[in-house]
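A.B. asks: Below you will find the structure I want to go over with you.
The values are calculated or read from the model by the stated rules, or taken from the named source; none is laboratory data. Keep in mind that this is a model prediction, so the values were computed, not measured. Cβ: placed from backbone, ideal geometry, glycine included. Neighbour counts: every protein chain shown.
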Amino acid sequence: MKNKEWNPYTSKWKAALRKNLDINLKGNENVLYLGASSGTTVEQISKLTTGLIFAVENSPQMAIRLVKLAETKINIVPIFSDARNTEYLKKAMFNKKIDILFQDIPSTDQIRILEDASKLIDKNCKILFSLKTQSISQQDYKEIARQIEKELNKNFQIIQKADLYPFHKKHFFYVLEKK
Amino acid sequence: MENAQIVKWNIEQSKKEIQKNLLKDNLIIFFTRIIEDLNKYRDPNFYGRIKEIYCLLYPYSNKENPKEILDELKKSDLKSKEGLILEIQEKKYLSKFLDSLNKEGKLKDKKNIKEFEKILDSLIKKYLSNSNKNLEPYILGKLISSVGGIDNLYKMPSSTIQLIGAEKAMFRHIAKKRACPKYGLIYYSNKIQHSKEKGKTARQLANKLAISIKQDYFQKFRPMMRNLTTAAEGEISYYEKQRMEPLYK
């Protein structure tokens, strides 16, 4: 496969790096990536760590491309399942300790998925959460972000946040920790 | 367990799961798009469509040249180990389409549209027999293809099905408070064309469709759940487990 550039307009992780959030990798983390799609971001992250990347995807058409990608790399683990199905995720991860949880699933119950998935990780794990406000409601996006921060504060502690404006419209990015 | 073993186990497992989730609605989408192309363009080239069907049958192959793919598909017996598994009748339909193409990927006989419409008819009579009583096969296929699969369509409420294809007008209504659209793709069905109160019949038709599509989905596409009531109970218990409540009203 060709070496592609990491484009902030197609990847939210890269866009958050451009916004000066502290999410650089040390080099040996295990990552749980919910909502991997065809694996454009996963391919770039696999170069940065030696640990495993558990990429979860639900739609078959996209998961086929993800499996194709995983066959060429060493440390990508494709998991075809719903991200809500935490029992299967637990079984597929074989008790590996996870250092970073990334969630990028644009749907109405985004927070619920994050809360359920946070049972799989320890307290000192870093959580990256990218929020698409349009999929939750069509109203004023800044107010929706404020409401969601309230919900997040129940279980998580917000360390950093950023608006991904020039790269992604009406998207927010949070760095969280478990309370 | 070592890392390499975990990767290997997961690749094998997800390949199995993917094959289970490749449904026959992909075939319906394929043939409706062919008819759409033939109606839209004068002399269309089918290389893109050939690639689509090849990726369904042999998903993990790395071939990209459409000319080679066409040659290979014409010779092969359309059996697949890892992709979509076709029945005998469906293989005949596909080989009929492949035989009607020349080397450049175009149709030999340009008046072939009626044959493809017959194929689509028989596919929909087999898989969507309940909803075919309400709506014409071509429009049903268009509904499925525009949403992206029957997996998405069966979850939709009737009011959303009524407005599929009228998204632009719908969002204009929400943002700028213009008039609300009454019908989307459904508008071209015979029932609405011949009625005087078009908005009313569109609503009635969408109500019936929402029920019948769910029936078809649980009878034909996911035959594990034969009985509709047990299927509904399973869905409800699944959502109760996940605490699915609307976040904002």
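A.B. asks: For the stretch B:62-77, enumerate the residues that are surrounded by fewer than 17 Cβ atoms within 10 Å (Cβ to Cβ) and out of contact with any Gly (no Cβ under 9 Å at 6 or more places or on another chain).
C.D. replies: If the condition is that a residue be surrounded by fewer than 17 Cβ atoms within 10 Å (Cβ to Cβ) and out of contact with any Gly (no Cβ under 9 Å at 6 or more places or on another chain), then B:Asn62, B:Lys63, B:Glu64, B:Asn65, B:Glu68, B:Asp71, B:Glu72, B:Lys74, B:Lys75, B:Ser76, B:Asp77 are the ones that fit.
A.B. asks: Of all residues in the stretch A:1-24, how many are touching a Ser or Thr at 6+ places or on another chain (Cβ under 7 Å) and either in a helix (DSSP H, G or I) or touching a residue at least 60 places away in the same chain (Cβ under 8 Å) (or both)?
C.D. replies: The qualifying residues number 3.
A.B. asks: In the set A:Ile76, A:Ile127, A:Ile111, A:Ile98, which member is under 30 Å from B:Tyr60 (Cα atoms), under 14 Å from the mean Cα position of the chain (by Cα) and surrounded by 15 or more Cβ atoms within 10 Å (Cβ to Cβ)?
C.D. replies: The match here is A:Ile98.
A.B. asks: Okay, next question. Do we find that B:Glu12 is more than 9 Å from chain A (Cβ to nearest Cβ), out of contact with any Phe, Trp or Tyr (no Cβ under 8 Å at 6 or more places or on another chain), of a type in the set (Asp, Glu) and farther than 29 Å from B:Lys220 by Cα in this structure?
C.D. replies: No.
A.B. asks: Kindly indicate which of B:Ile88, B:Ile53, B:Ile69 is modelled with pLDDT of 90 or more, more than 24 Å from B:Asp37 (Cα to Cα) and not assigned by TED's automatic domain parsing to the domain that holds B:Asn190.
C.D. replies: Unique residue meeting the criteria: B:Ile88.
A.B. asks: Right, next: Of everything in the stretch A:14-62, what is touching a Leu at 6+ places or on another chain (Cβ under 8 Å) and not hydrophobic (A, V, I, L, M, F, W, C)? Give them in sequence order.
C.D. replies: Once the filter is applied, which keeps residues that are touching a Leu at 6+ places or on another chain (Cβ under 8 Å) and not hydrophobic (A, V, I, L, M, F, W, C), the stretch A:14-62 yields A:Lys19, A:Asn24, A:Gly27, A:Asn30, A:Ser37, A:Ser38, A:Gly39, A:Glu43, A:Thr49, A:Glu57, A:Pro60.
A.B. asks: Which is modelled with pLDDT under 90 and not acidic (Asp, Glu), of A:Gly27, A:Gly51?
C.D. replies: A:Gly27
A.B. asks: Taking the stretch B:143-188 only, how many residues are buried (at least 19 other Cβ atoms within 10 Å of the Cβ), farther than 23 Å from B:Tyr217 by Cβ and among the hydrophobic types (A, V, I, L, M, F, W, C)?
C.D. replies: 1
A.B. asks: Okay, next question. So which residues in the stretch A:74-92 are more than 9 Å from chain B (Cβ to nearest Cβ), in contact with a helix residue (DSSP H, G or I) (Cβ under 6 Å, 6 or more places away or on another chain) and not in a helix (DSSP H, G or I)?
C.D. replies: A:Ala83 - this is the single residue of the stretch A:74-92 that is more than 9 Å from chain B (Cβ to nearest Cβ), in contact with a helix residue (DSSP H, G or I) (Cβ under 6 Å, 6 or more places away or on another chain) and not in a helix (DSSP H, G or I).
A.B. asks: Look through A:Asp104, A:Asp163 and report the one residue that is more than 13 Å from every other protein chain (Cβ to nearest Cβ), in contact with a Gly (Cβ under 7 Å, 6 or more places away or on another chain), under 26 Å from B:Ile174 (Cβ atoms) and acidic (Asp, Glu).
C.D. replies: A:Asp104
A.B. asks: A further question follows. Within the stretch A:47-66, track down each residue that is surrounded by 17 or more Cβ atoms within 10 Å (Cβ to Cβ) and more than 23 Å from B:Ile18 (Cα to Cα).
C.D. replies: Listed by number, the residues that qualify are A:Thr49, A:Gly51.
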